[in-house]
Amino acid sequence: LPVWLTSGGSVETFQEAGRLRAGVLTHLLVQDLDILAEKIREYRRVAAAEHDGWPGHVALMVHTLVGEDVAAVKEQARRPLTEYLKSSLHLSARSVVGDSVDLSTLPPEDVEFLAAQSFERYFHQGGLFGSVEHAAEVAARIGEIGVDEIACLIDFGVQTKDVLASLEHLGRLRALVASAG
């Protein structure tokens, strides 16, 4: 039975996964692709050294909504993803400044600003959003850094009809990425 460790934080967790011959399930909540690439390299180095060249396996969870038009997808995702991100702002803040942060003391307009900034980062750099072609570019970059598998998170509050419509486009994305790879 495969064993997976989930980590979005320390490189030590990635190293331990390599020592244990476990896969890594990770996300982009508190790391970007460049930082993740370094952690993956370290994971694979340890895994190969400990297990006769075993390369390991990395799955990256990304929020996903794919459609015909980038602008339309952005508007479909904006409210639900922003609300979802607001619900986890404390996690992001703690990863940057530690346990001393208390977001409840921030004025509501500051929380809204942080959530809006998070939305823009996720939409452009931390998820599979937009057209099939745009999402394919993001998927290619994710593959370049050493990710083996993309786990699409489609349950962040988007209306069911929009999620179901996105699945057809996601299937086209999968086929496009497979043919390129």
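Annotation: amide H-H contacts under 5 Å for Thr6 (H modelled 1.01 Å from N, sequence separation of 5 or more, or interchain): Leu25.
Just add up the charged neighbours of Tyr122: K/R +1, D/E -1, any other residue whose Cβ is under 14 Å from the Cβ of Tyr122. Charge balance in the 14 Å sphere: +2. Just to be sure I understand, if you calculate semi-axes √(5λ) of the Cα gyration tensor in Å for this structure, which of (i) 41, 18, 12; (ii) 27, 17, 15; (iii) 28, 24, 12 do you get? Read-out from the structure maps to (iii). If you take the Cα centroid of region 133-169 and the Cα centroid of region 3-22, the two points sit 24 Å apart.
Computed with a 1.4 Å probe on the full set of protein chains, the accessible area for Lys86 sits at about 50 Å². For the chain, a crude dipole built from +1 on the beta carbon of Lys and Arg and -1 on the beta carbon of Asp and Glu, taken about the Cα centre, is about 340 debye to the nearest 20. When only Cα pairs below 8 angstrom with a gap of at least 6 residues are kept, the chain shows a relative contact order of 27 percent. Extending 7 Å from the Cα toward the beta-carbon at both Arg79 and Glu50 defines two label points whose distance is 4.7 nm. Close amide H pairs (under 5 Å, H built 1.01 Å from N) link Phe129 with Leu65, residues at least 5 positions away or on another chain. Partner lysines whose Cα lies under 19 Å from the Cα of Lys74, excluding those fewer than 8 positions away in the same chain, are identified as Lys86, Lys161.
Projecting label points 7 angstrom from Cα along Cα→Cβ for Leu106 and Glu12 puts them 2.7 nm apart. Over region 1-156, accessible surface divided per residue gives 52 Å², non-protein components excluded, 1.4 Å probe.
The values are calculated or read from the model by the stated rules, or taken from the named source; none is laboratory data. Just so it is clear, the structure is predicted and the values come from calculations on it, not from any experiment. Don't worry about glycine lacking a Cβ; one is built from the backbone with ideal geometry, like all the others, and counts go over all protein chains shown. Note: areas computed on protein heavy atoms with side chains; ligands, DNA, RNA excluded. Shrake-Rupley method; radii C 1.70, N 1.55, O 1.52, S 1.80 Å.
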